Amino acid sequence: MDSTRDNKRKVKQGIVISNKMQKTVVVSVERVTRHPRYEKVITLRKKYYAHHEGSPLEIGQKVTIQETRPLSKLKRWRVVAE
């Protein structure tokens, strides 16, 4: 058996929309899809609470987040790249 483990955690890119908490940022992730019946292209947004220690992030900054173990009631993501 191979000793290295594949990293199959999900990765998403988004924009920081809130940085008012300690060690936590809120990231908005957009995805484009088509409406199932009317076929109109729509943009869907979802907010993710992500863990971040270190230099503070600014609102509007693009970040990459990765799935991780549950850190609190809402936090299941962490910032991996700024």
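The values are calculated or read from the model by the stated rules, or taken from the named source; none is laboratory data. Quick caveat, the model's predicted, so the values are computed rather than measured. Don't worry about glycine lacking a Cβ; one is built from the backbone with ideal geometry, like all the others, and counts go over all protein chains shown.
Residues in the stretch 28-64 that are at pLDDT 95 or above, under 17 Å from Ser18 (Cβ atoms) and among the hydroxyl-bearing types (Ser, Thr, Tyr): Ser28, Tyr48, Tyr49. Answer yes if at least one residue in the stretch 44-52 is in contact with a strand residue (DSSP E or B) (Cβ under 6 Å, 6 or more places away or on another chain) and exposed (fewer than 11 other Cβ atoms within 10 Å of the Cβ), and no otherwise. The answer is yes; a qualifying residue exists. Taking (1) more than 24 Å from Arg9 (Cα to Cα); (2) in contact with a Phe, Trp or Tyr (Cβ under 7 Å, 6 or more places away or on another chain); (3) acidic (Asp, Glu) in turn, Glu39 satisfies each apart from (2). Please specify each residue of the stretch 68-82 satisfying the condition of being over 8 Å from the mean Cα position of the chain (by Cα) and in a strand (DSSP E or B). Selection gives Val80, Ala81. Quick check, is Lys12 in a strand (DSSP E or B), farther than 17 Å from Lys73 by Cα and among the basic types (Lys, Arg)? Here the answer is yes, as Lys12 does meet what is asked. In this entry, Val25 passes the filter for residues that are surrounded by 10 or more Cβ atoms within 10 Å (Cβ to Cβ) and in contact with a His (Cβ under 7 Å, 6 or more places away or on another chain). Starting from residues that are within 12 Å of Ile15 (Cβ to Cβ) and within 12 Å of the chain's Cα centre (by Cα), keep the ones in the stretch 53-67 and report whichever is surrounded by the most Cβ atoms within 10 Å (Cβ to Cβ). Among those that are within 12 Å of Ile15 (Cβ to Cβ) and within 12 Å of the chain's Cα centre (by Cα), it is Ile65.
The condition of being touching a residue at least 40 places away in the same chain (Cβ under 8 Å) and not aromatic (Phe, Trp, Tyr) holds for Glu67.
Which ones in the stretch 70-82 are touching a residue at least 60 places away in the same chain (Cβ under 8 Å) and of a type in the set (A, V, I, L, M)? Within the stretch 70-82, just Val80 meets the criteria. Looking across the stretch 15-54, just one residue is in a loop (DSSP other than H, G, I, E, B), touching a residue at least 24 places away in the same chain (Cβ under 8 Å) and either farther than 10 Å from Val79 by Cα or small (Gly, Ala, Ser) (or both), and that is Lys23.
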